[in-house]
Structures are given as structure tokens and as C-alpha cells.
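Enquirer: Could you have a look at this structure, given as C-alpha cells, before my questions?
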Amino acid sequence: MIQKGSNYYFGNYEEVKSFLLERNFKFEIPIMREEDLEAGRRQYCIEIRDEKIVYCAVEYLGNGLIFDTQIFYDDRCPFIFILSNPDELVTFSEAAGIFGLKDSSTLRHWVSQRKFEESEIQKKGNVWLVKLVTIQKILRKMRK
């Protein structure tokens, strides 16, 4: 791993996977061929600001320059990326953090607006639970 400012660069899939999972990253990490990574034709670039992952991409390199990128996460629109475990149940607070929502009150407001199907959410005591894929589906609908 090489760090330059708020960016981290990786030439190894297992290393970037470990780095992201330690930070509770919930989105799919594309697997690159080891020979491309080792030959310096591709690298993973992760940007972190205020201890939060804000951007992840695979960068394609040629003659030491980046000529293309494949973004696999951007915190400005996380609902367009593939979740690594879409059926995972999380609290409203966790979901708000993953999808960059203001806070869990947004999701509680969605409950009162009936944006969720009854089968898509659960309440355990005072804690609301929701599948990640459900939030992603609602955000996509709202985006249209």
C-alpha cells in the first residue's frame, strides 16, 4: 500500500479487501487479475476523508499515467453500486451511514410515508432493521 494525502493505492486484491472490510465497507470489490496488478497495469485507489471511505476505483495505467478508471464506490451516489451482501439486515443508523443519508430519522420518516413494504423492515424493541437492498431500491426510485 502507498499513501498519498487522503488516497491509498494497492497492487494486491487481498490487501485492499482487508483494508476496506476493516472499515466496514459494504459494497462489492472487483477482483483484478494478479498479473495485471503485479505488472503495474492496474491499481486500486481508495480515498478516505474524515475517516470515511468516499471513493474507490480501479485505475488502468499506461506509461505511468492513468488512462481509465472503473469506479466501484462513490459516496455521492452509493445506491448505484453493487452491495457485497444485499440481504444483510442493518439498523437504520447503520443504513444511513452506508448510504450517506443525514441520519436514521430519514428512514423513520420513510416508514411514516409508507415507502417500505411491511416485509422489508423489522422492529426489535426500539431498533428498526432493514435490508441494505431495500434502501438501495428506494433511493433508485427517488432518483428517477
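Enquirer: Only residues that are touching a residue at least 40 places away in the same chain (Cβ under 8 Å), out of contact with any helix residue (DSSP H, G or I) (no Cβ under 9 Å at 6 or more places or on another chain) and part of a strand (DSSP E or B): list them for the range 11-52, please.
Expert: If the condition is that a residue be touching a residue at least 40 places away in the same chain (Cβ under 8 Å), out of contact with any helix residue (DSSP H, G or I) (no Cβ under 9 Å at 6 or more places or on another chain) and part of a strand (DSSP E or B), then GLU47, ILE48, ARG49 are the ones that fit.
Enquirer: Restricting to the range 54-79, and then to whatever is small (Gly, Ala, Ser) and assigned to a strand (DSSP E or B), can you tell me which residue is modelled with the lowest pLDDT?
Expert: GLY62
Enquirer: Given (1) modelled with pLDDT under 90; (2) closer than 20 Å to GLU94 by Cα; (3) surrounded by 15 or more Cβ atoms within 10 Å (Cβ to Cβ); (4) not β-branched (Val, Ile, Thr), identify the lone condition not met by GLU51.
Expert: That leaves (3) as the condition not met.
Enquirer: Then there is this: For the range 30-48, how many residues meet the condition of being of a type outside the set (S, T, N, Q), over 14 Å from the mean Cα position of the chain (by Cα) and surrounded by 17 or more Cβ atoms within 10 Å (Cβ to Cβ)?
Expert: Qualifying residue count, the range 30-48: 4.
Enquirer: Check whether at least one residue in the range 101-115 is over 16 Å from LEU129 (Cβ atoms), modelled with pLDDT under 90 and either surrounded by 13 or more Cβ atoms within 10 Å (Cβ to Cβ) or aliphatic (A, V, I, L, M) (or both), and report yes or no.
Expert: No - not one qualifying residue is present in the range 101-115.
Enquirer: Would the range 18-29 turn up any residue that is over 20 Å from ILE135 (Cα atoms), surrounded by 15 or more Cβ atoms within 10 Å (Cβ to Cβ) and either of a type in the set (Phe, Trp, Tyr) or in contact with a strand residue (DSSP E or B) (Cβ under 6 Å, 6 or more places away or on another chain) (or both)?
Expert: Yes; the residues of the range 18-29 include at least one that is over 20 Å from ILE135 (Cα atoms), surrounded by 15 or more Cβ atoms within 10 Å (Cβ to Cβ) and either of a type in the set (Phe, Trp, Tyr) or in contact with a strand residue (DSSP E or B) (Cβ under 6 Å, 6 or more places away or on another chain) (or both).
The values are calculated or read from the model by the stated rules, or taken from the named source; none is laboratory data. Values in this document were obtained by computation on a predicted structure and should not be read as measured data. FYI the Cβ positions are ideal-geometry reconstructions off the backbone, even for glycines, and counts take in every protein chain you see.
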